[in-house]
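Below: the structure, in C-alpha cells.
The values are calculated or read from the model by the stated rules, or taken from the named source; none is laboratory data. Note that the structure is predicted; figures quoted are calculated from it, not measured. Neighbour counts are summed over all protein chains in view; Cβ atoms, including those assigned to glycine, are modelled from backbone coordinates with ideal geometry. In case anyone asks, the SASA skips ligands and DNA or RNA and just uses the protein heavy atoms, side chains included. Shrake-Rupley method; radii C 1.70, N 1.55, O 1.52, S 1.80 Å.
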Amino acid sequence: MKFAKRLDEVPPYLFAELERKIAQKRREGVDVISLGIGDPDLPTPEPVVSALAAAARDPATHQYPTNHGSDAFREAVAGFYRDRFRVELDPASEIVPALGGKEAVAHVSLALLDPGDVCLSPDPGYPPYTSGPVFSGAEVHYLPLEEANGFLPDLDAIPEDVLRRANLLFLNYPNNPTGAVVADGYFGRAVELARANDLVVVHDNAYSEVCFEGYRAPSFLEAPGAKEVGIEIFSLSKGWNMTGWRAGVVAGHPEVVERYRHLKTNLDSGMFEAVQRATVAALTEARDFPREMSEIYQRRRDLVAQGLEAIGLPVERPKATPYFWVRVPEGYTSESFAELVLEQAGVVVSPGPAYGPSGEGYFRISLTVPDKQLEEAVGRIESSLRAGIIEG
C-alpha cells in the first residue's frame, strides 16, 4: 500500500501525540494531569449554546451553507472589529468564515504558496505554521523567537535571498507558545517589510481576548496599511471556550480573502449555518464573556507562577494567553524534563522543541485545567525534581 510522501515530511502532530501518551498512562492506572493541551475546561457561554440549539431546530439551517458566510455572520464580525479594534471591514468582500484557526492556517498556505516558494514561520510556533507550508510544497524559513528580543522575530535579520523567494509571513500575537505580546509599532514594521518585498502577512489572532491586568491586545489590521498587505485569522476557540465548535474568521485584504474562499469551495462545504448563528451570539450577546475567562486565567496564572517560583523555576507572568513558557531546570533538556514529570509525577507538559528547534530549553504549561489540579500538578513537579536530583 502506497501513501503520499508529504505525510512523511512532518512529525506526528504534537497534540495528537500528547493525547496518545495521556491515554496510555491512564490505561496503566496513572492519575494523569495534563497541562499540555490548551483546551478550556469550562463550558461555552449559555447564549451561544442556546443560539446553536435554536438554529439546529430550524430546517433552514439543514442545507448547504454558502462559503461566503451569512449576511448576519459577516455583519457581526464587522461590528465586533469596529467596536473592539476600531477596524472597518467590508462585510461583502473582506470577511469569510473559517472552520477554526487551524484550518485557516493550512488552507491559507495552500492558497498562497507554490513549490519553491518560501514561508517565513516563527520558531517556536504553532505547528501548522510549518506543516501547512510543507504540504503546499514550499520551504520553511524559521524566524527564531528569542527571549532577549521579547520573543519577536528579528525582521531585519531575514536574508535578502530568502526574502526574494518568500511569499508568506506568519505572525501570532499574543503568542503561542511563549505568551509574549507584540511591541508597539511592530505590526507597522511588518507592513513595511511586506510592502517592500511583495509579501503577504497572515496574523493568527487566536488569543487577543485572553488578556490580563488591563492589557488589550491589538489586531494586526489596526496597523496603517495592514489590509493592503495581509489578513488576520480570528478564532473564538479560546476566548469563548469554543474549541470544539470550529468557529473562526479570515478578514482583511479582499483578494486574499477571496482566494482563500475560492480554495475552500473545492475542499469543504462551509460553516454549518447553526454554528454561524451561534458565532453571531458570541460576538454580540456574549461579547464580554472573554473578560470573565481572563479573570479566571489570571488567577490561575498567579497561582502557577507562585508555585514555580517556590521550586526555583523563575517565570515571567504573561500579559495574555493561557500559557506559561518556562525554562527547564539546569541539567535537563526539554524532552528529558517532560519525560521526568510524566513518568514520576503523572504530569504532562509540552516540550519546547515540539514547536520548533528554538524551543529547546523550554516547556509550555497550559492553564486550561481547574485550580486544584494546577496546584496538585505544581506540587508533583516539585516532587519529581527532588527525586530526579536524588537519583542523579
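Given the C-alpha centroids of segment 277-298 and segment 223-256, what is the distance between them in whole angstrom?
16 Å
At 1.4 Å probe size, what's the solvent-accessible area of residue 299? Round to the nearest 10 Å².
120 Å²
Classify segment 1-121 from the C-alpha gyration tensor, please: rounded if a/c falls under 1.5, else prolate or oblate depending on whether a/b exceeds b/c.
oblate
Would you tell me the accessible area of residue 161, worked out with a 1.4 angstrom probe on the heavy atoms of the protein chains, in Å² to the nearest 10?
Looks like 90 Å² after rounding.
Taking Cα atoms, how many degrees apart are the long axis of helix 14-27 and the longest axis of the chain, rounded to 10 and kept between 0 and 90?
50 degrees
Could you check how much of the accessible area of the chain is carbon and sulfur, as a whole percent, using a 1.4 Å probe?
That share works out to 50 percent.
Treating only the Cβ of Lys, Arg, Asp and Glu as charged (+1, +1, -1, -1), what charge dipole size does segment 104-254 show about its Cα centre? Round to the nearest 20 debye.
Using Cβ point charges on Lys, Arg, Asp and Glu, segment 104-254 gives about 500 debye.
Which of the GluC sites (Glu not before Pro) across segment 314-392 are loop residues per DSSP, with 16 or fewer other Cβ within 10 Å?
316, 330, 360
How much of the DSSP bridge set in the chain is antiparallel, in percent, rounded to the nearest 5?
Beta bridges within the chain, antiparallel portion: roughly 45 percent.
Multiply the residue separation of residue 295 and residue 50 by 0.36 nm, subtract the distance between their alpha-carbon atoms, and state the gained length in nm to one decimal.
85.8 nm
Could you give the angle, 0 to 90 degrees to the nearest 10, between helix 371-391's Cα long axis and the longest principal axis of the Cα atoms of the chain?
Value to nearest ten degrees: 50.
Using a 1.4 Å probe, what is the accessible area per residue for segment 231-301, in Å²?
37 Å²
Scan the chain and report its longest stretch carrying no chymotrypsin sites (Phe, Trp or Tyr not before Pro) that are both in a DSSP loop and have at most 13 other Cβ atoms within 10 Å.
4-214
Counting only helical runs of four or more DSSP H residues, what would the 222 nm mean residue ellipticity of the chain come to if each run contributes -39,500 (n - 2.57) and the total is spread over all its residues?
Calculated at 222 nm, the ellipticity per residue is -13000 deg cm²/dmol.
So what's the Cα pair-distance distribution over the chain, bin width 10 Å, in %?
Using 10 Å bins, I get a P(r) of 5, 23, 32, 26, 12, 2, 0 for the chain.
State the extension gain, in nm to one decimal, for the chain segment bounded by residue 3 and residue 75, taking 0.36 nm per residue of separation less the distance between their alpha-carbons.
21.6 nm
Can you list residues from other chains, or at least 5 along the same chain, whose modelled amide H is less than 5 Å from the amide H of residue 96?
So residue 96 has HN proximity to 250.
For the charge dipole of segment 19-148, defined by +1 on Lys and Arg C-beta atoms and -1 on Asp and Glu C-beta atoms about the Cα centroid, which residue among 118, 137, 67 has the Cα displaced farthest towards the positive pole?
67
What are the lysines whose alpha-carbon lies under 17 Å from the alpha-carbon of residue 102, with same-chain residues fewer than 8 places away excluded?
Candidates past the 8-residue exclusion: 238, 264.
Treating the beta-carbon of each Lys and Arg as +1 and of each Asp and Glu as -1, no other charges, what is the dipole magnitude of the chain about its Cα centre, to the nearest 20 debye?
760 debye
If I fit a long axis through the Cα atoms of helix 101-112 and take the longest principal axis of the Cα atoms of the chain, what angle between them do I get, 0 to 90°, rounded to 10?
60 degrees
Evaluate the Kirkwood expression for the hydrodynamic radius of segment 186-305, namely the inverse of the mean inverse distance over all pairs of different C-alpha atoms, and round to one decimal in Å.
16.1 Å
For residue 30 and residue 316, calculate 0.36 nm times their separation in residues minus their Cα-Cα distance, and state this gained length in nm to one decimal.
Full extension from residue 30 to residue 316 adds 99.9 nm.
Report the one residue of 29, 205, 318 whose Cα lies farthest in the direction of the positive end of the charge dipole of the chain (charges on C-beta: Lys and Arg +1, Asp and Glu -1; origin at the Cα centre).
Of 29, 205, 318, it is 29.
Using alpha carbon centroids, what distance separates segment 80-132 and segment 145-214, in Å?
About 13 Å separates the Cα centre of segment 80-132 from the one of segment 145-214.
How do 227, 5, 319 rank by accessible surface area computed with a 1.4 Å probe, from largest to smallest?
5, 319, 227
Give me the accessible area of residue 28, 1.4 Å probe, in Å² rounded to the nearest 10.
110 Å²
From the square roots a ≥ b ≥ c of the eigenvalues of the alpha-carbon gyration tensor of segment 65-220, which class results: rounded (a/c under 1.5), prolate (a/b over b/c), or oblate?
Oblate, because a/c is 1.5 or more while a/b does not exceed b/c.
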